[in-house]
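**Student:** Shown below is the structure under consideration.
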Amino acid sequence: MTNLVAGATGTVGRRIVAELLDRGQAVRALTRDLTKADFPEGVEVVEGDLTDPETLVAALQGVTGLHLITFGGPYFTPLETGPRILELAGEAGVRRVTVLNGGGDTPLETAVRESGFAWTVVMPVEFMANALSWADGIRETDEVREPFTDRLSAMVHEGDIGAVAAVALTEEGHAGQTYLLSGPRVLTVKDKTTALARARGRDITLVELGRDEAIAQWRAAGQPEDVIEFLLEVYGNTPEVGRTVNDTVRRVTGRPARTFDEWATEHAAAFTA
Ligand SMILES: NC(=O)c1ccc[n+]([C@@H]2O[C@H](COP(=O)([O-])OP(=O)(O)OC[C@H]3O[C@@H](n4cnc5c(N)ncnc54)[C@H](OP(=O)(O)O)[C@@H]3O)[C@@H](O)[C@H]2O)c1
């Protein structure tokens, strides 16, 4: 039983690879650039590009479990090649397919749902890893400068996203499911900076930005205008699912969802000068 993981060099894909390895599964990690890939021993790294499905033929040989992402380029450009990828997957003998939801409807996810595979969609709320975007500011100035600091997030540990995907790829009983995944608590920005300060052993000042100040900061950081619009919308008006705790991680994996305190402890070095 071999599993091919797309997005394997990314935040979530790495964790899926690790969870599959822990389960004693054969794992192939897909990347467009073999020189970039550093994986633990035992992982077979294969080259291929999801925007050019014919490049995946060799990578798919002997694969029974396939994890897919919904994008294929910068700023999460939606993949339009789903039907051909799935055709090749069928020819190769794939049986189970998981997809990391791209935060909305995407052509690839639609193609997977309409396919005859035993598919599972993994739909996380905000990743805890998004806190890494504060790492430079915290190391350099002991500050986090953010708008909408009262916003709520039920953010989820990416290790738990990986664990759910690994279960769905390797066990019966998850076909046709869309798993909305949250962490164990609803957090404000202040809750997060407090946890990070505790983990690194040094205070962090939270500076509340107005809307215009936030836009200026994001522009200065090179964020495209549509990303800025997206951030204003999700931060200013977080949808209910994004600020509601659910028990999917525990139900699917049998383990409690990991806390932001655990995440902060694991990543303390990134926030320490
Ligand atoms: N951040 C959040 O809070 C959040 C919440 C919910 C959902 N999401 C969704 O999560 C997804 C992002 O996941 P992530 O953060 O794990 O990704 P990431 O860290 O940005 O990594 C991107 C991955 O995609 C691969 N990739 C990109 N284009 C490719 C192509 N044409 N062919 C093959 N591989 C390609 C890259 O592989 P190589 O560069 O090695 O080829 C890399 O492994 C998005 O769909 C986003 O909407 C994010």
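**Student:** Give the residue that is nearest to the chain's Cα centre (by Cα), with candidates limited to residues of the stretch 11-33 that are within 9 Å of the ligand (Cβ to nearest atom) and surrounded by fewer than 17 Cβ atoms within 10 Å (Cβ to Cβ).
**Tutor:** Thr11
**Student:** Follow-up question, since we're still on this one. Given the structure, is His157 closer than 17 Å to Arg250 by Cα and either crowded, with 24+ Cβ neighbours inside 10 Å or among the β-branched types (Val, Ile, Thr) (or both)?
**Tutor:** yes
**Student:** Still on this structure: For the stretch 41-57, how many residues meet the condition of being in a loop (DSSP other than H, G, I, E, B) and either in contact (Cβ under 8 Å) with a residue 40 or more places away in the chain or not acidic (Asp, Glu) (or both)?
**Tutor:** The total comes to 4.
**Student:** What pairs come up if the first residue lies in the stretch 172-193 and is under 22 Å from Arg255 (Cβ atoms), the second is of a type in the set (Asp, Glu), and their beta carbons are under 8 Å apart, counting only those six or more places apart or on different chains?
**Tutor:** Filtered contacts from the stretch 172-193: Leu181/Asp160; Gly183/Asp160; Arg185/Asp191.
**Student:** Now for a different question. Among the listed residues Thr194, Thr149, Thr188, Thr170, which satisfies the condition of being farther than 27 Å from Gly102 by Cα, at pLDDT 95 or above and either surrounded by fewer than 22 Cβ atoms within 10 Å (Cβ to Cβ) or outside the structural domain of Thr11 (by TED's automatic domain parsing) (or both)?
**Tutor:** Result: Thr194 is the single residue among Thr194, Thr149, Thr188, Thr170 that is farther than 27 Å from Gly102 by Cα, at pLDDT 95 or above and either surrounded by fewer than 22 Cβ atoms within 10 Å (Cβ to Cβ) or outside the structural domain of Thr11 (by TED's automatic domain parsing) (or both).
**Student:** What pairs can you find where one residue is in the stretch 197-213 and under 15 Å from Glu140 (Cα atoms), the other is aromatic (Phe, Trp, Tyr), and their Cβ atoms are less than 6 Å apart, with a gap of 6+ or different chains?
**Tutor:** Final answer for the pair search is Arg200/Phe271.
**Student:** Quick check on Thr110: is it over 19 Å from Val164 (Cβ atoms), hydroxyl-bearing (Ser, Thr, Tyr) and either near the ligand (Cβ under 9 Å from one of its atoms) or assigned to a loop (DSSP other than H, G, I, E, B) (or both)?
**Tutor:** Spelling it out, it is not the case that Thr110 is over 19 Å from Val164 (Cβ atoms), hydroxyl-bearing (Ser, Thr, Tyr) and either near the ligand (Cβ under 9 Å from one of its atoms) or assigned to a loop (DSSP other than H, G, I, E, B) (or both).
**Student:** If I filter the stretch 51-59 for residues that are near the ligand (Cβ under 10 Å from one of its atoms) and touching a His at 6+ places or on another chain (Cβ under 7 Å), do I get at least one hit?
**Tutor:** no
**Student:** If you don't mind, another one. If you check every pair at least six apart or on different chains, which have Cβ atoms under 7 Å apart with a residue in the stretch 221-238 that is in a loop (DSSP other than H, G, I, E, B) first and a residue that is at pLDDT 90 or above second?
**Tutor:** Thr238/Arg151; Thr238/Leu152; Thr238/Ser153
**Student:** Taking the stretch 123-142, which residues are small (Gly, Ala, Ser) and either touching a residue at least 24 places away in the same chain (Cβ under 8 Å) or under 14 Å from Val156 (Cα atoms) (or both)?
**Tutor:** Across the stretch 123-142, the qualifying residues are Ala129, Ala131, Ala135.
**Student:** So for the stretch 66-82 (the condition being among the charged types (D, E, K, R), more than 10 Å from the ligand (Cβ to nearest atom) and over 19 Å from Glu114 (Cβ atoms)), does at least one residue qualify?
**Tutor:** no
**Student:** Evaluate the stretch 205-218: report whether one residue or more is charged (D, E, K, R), more than 30 Å from Thr110 (Cβ to Cβ) and in a loop (DSSP other than H, G, I, E, B).
**Tutor:** no
**Student:** Here's a follow-up. In the stretch 58-100, what residues are outside any loop (DSSP other than H, G, I, E, B) and touching a residue at least 60 places away in the same chain (Cβ under 8 Å)?
**Tutor:** Val63, Thr64, Gly65, Leu66, His67, Leu68, Tyr75, Arg96, Thr98, Leu100 - these are the residues of the stretch 58-100 that are outside any loop (DSSP other than H, G, I, E, B) and touching a residue at least 60 places away in the same chain (Cβ under 8 Å).
**Student:** I've got another one for you. Any residue at all in the stretch 205-220 that is at pLDDT below 95, of a type outside the set (Ser, Thr, Tyr) and more than 25 Å from Phe271 (Cβ to Cβ)?
**Tutor:** no
The values are calculated or read from the model by the stated rules, or taken from the named source; none is laboratory data. Values in this document were obtained by computation on a predicted structure and should not be read as measured data. As a convention, Cβ positions derive from the backbone with ideal geometry for all residues, glycine included, and neighbour counts pool all protein chains shown.
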